[in-house]
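Input: a single structure, listed below in structure tokens.
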């Protein structure tokens, strides 16, 4: 087995533990890479294509590496009413990527979430879990530029 994925040995090799194994990989790596698929398939004595089938069935698994800064754009009811679509549009324009994508430099990724639980601050987004509320275009661009400066 690829030593990079030695932590899979924490999980019993029974096929009923496949999802648990994939969740562990994603927790540790941030996504499930092609190398991870091969390691998981080897650990559970399965074909790579069987593992890939499970990955594509469940929306919880990510196949692309997330950016250093993971942006969660809220589209819950309060945010939706207060302009979540504009937040998404501004993010897409500022970063040149869409929901579910990562910038070519690997700095940013965007995902739309159902609710961040900060409805009184709508519209909101979070960057690596840090919430920013009452966003407008100017404040959003400042936040993005601040993170770009940090690299």
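The values are calculated or read from the model by the stated rules, or taken from the named source; none is laboratory data. Everything numeric here is computed off the predicted structure, so don't read it as measured data. Heads up, the Cβs are rebuilt from the backbone with ideal geometry, glycines too, and the neighbour counts pull from every protein chain shown.
Being under 14 Å from residue 122 (Cβ atoms) and surrounded by 18 or more Cβ atoms within 10 Å (Cβ to Cβ) is the filter here; which residues of the range 83-101 pass it?
So the first thing to find is which residues in the range 83-101 are under 14 Å from residue 122 (Cβ atoms), and the list is 83-88.
Hits for the range 83-101 are 84, 87, 88.
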- prompt: Looking at (1) within 15 Å of the chain's Cα centre (by Cα); (2) surrounded by fewer than 21 Cβ atoms within 10 Å (Cβ to Cβ); (3) within 16 Å of residue 145 (Cα to Cα), can you tell me which one residue 113 breaks?
  reply: (3)
message: As an exercise: evaluate residue 18 against (1) surrounded by 16 or more Cβ atoms within 10 Å (Cβ to Cβ); (2) at pLDDT 95 or above; (3) closer than 27 Å to residue 106 by Cβ and give the number of the one condition it does not meet.
response: (3)
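Would you check if residue 75 is loosely packed, with under 15 Cβ neighbours inside 10 Å and either over 16 Å from the mean Cα position of the chain (by Cα) or not assigned by TED's automatic domain parsing to the domain that holds residue 15 (or both)? First the steps, then the outcome.
Details: loosely packed, with under 15 Cβ neighbours inside 10 Å: no; either over 16 Å from the mean Cα position of the chain (by Cα) or not assigned by TED's automatic domain parsing to the domain that holds residue 15 (or both): yes.
No.
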query: Just checking, how many residues over the range 66-78 are more than 14 Å from residue 147 (Cα to Cα) and in contact with a helix residue (DSSP H, G or I) (Cβ under 8 Å, 6 or more places away or on another chain)?
result: 6
message: Suppose we filter the range 25-40 for residues that are surrounded by fewer than 18 Cβ atoms within 10 Å (Cβ to Cβ), without any contact (Cβ under 8 Å) to a residue 24 or more places away in the chain and over 13 Å from residue 64 (Cβ atoms); how many remain?
response: 2
field: Residues that are assigned to a loop (DSSP other than H, G, I, E, B), surrounded by 14 or more Cβ atoms within 10 Å (Cβ to Cβ) and over 11 Å from the mean Cα position of the chain (by Cα), drawn from the range 43-64
entry: 44, 46
- line: Per the filter on the range 27-42, residues farther than 15 Å from residue 54 by Cα and within 18 Å of the chain's Cα centre (by Cα) are 27, 28, 29, 30
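Take the conditions surrounded by 12 or more Cβ atoms within 10 Å (Cβ to Cβ), at positive phi and either within 18 Å of the chain's Cα centre (by Cα) or outside any helix (DSSP H, G or I) (or both) and apply them to residue 67. Does it pass? Walk me through it before giving the result.
Details: surrounded by 12 or more Cβ atoms within 10 Å (Cβ to Cβ): yes; at positive phi: no; either within 18 Å of the chain's Cα centre (by Cα) or outside any helix (DSSP H, G or I) (or both): yes.
Considered against the rule, which asks whether it is surrounded by 12 or more Cβ atoms within 10 Å (Cβ to Cβ), at positive phi and either within 18 Å of the chain's Cα centre (by Cα) or outside any helix (DSSP H, G or I) (or both), residue 67 comes out as no.
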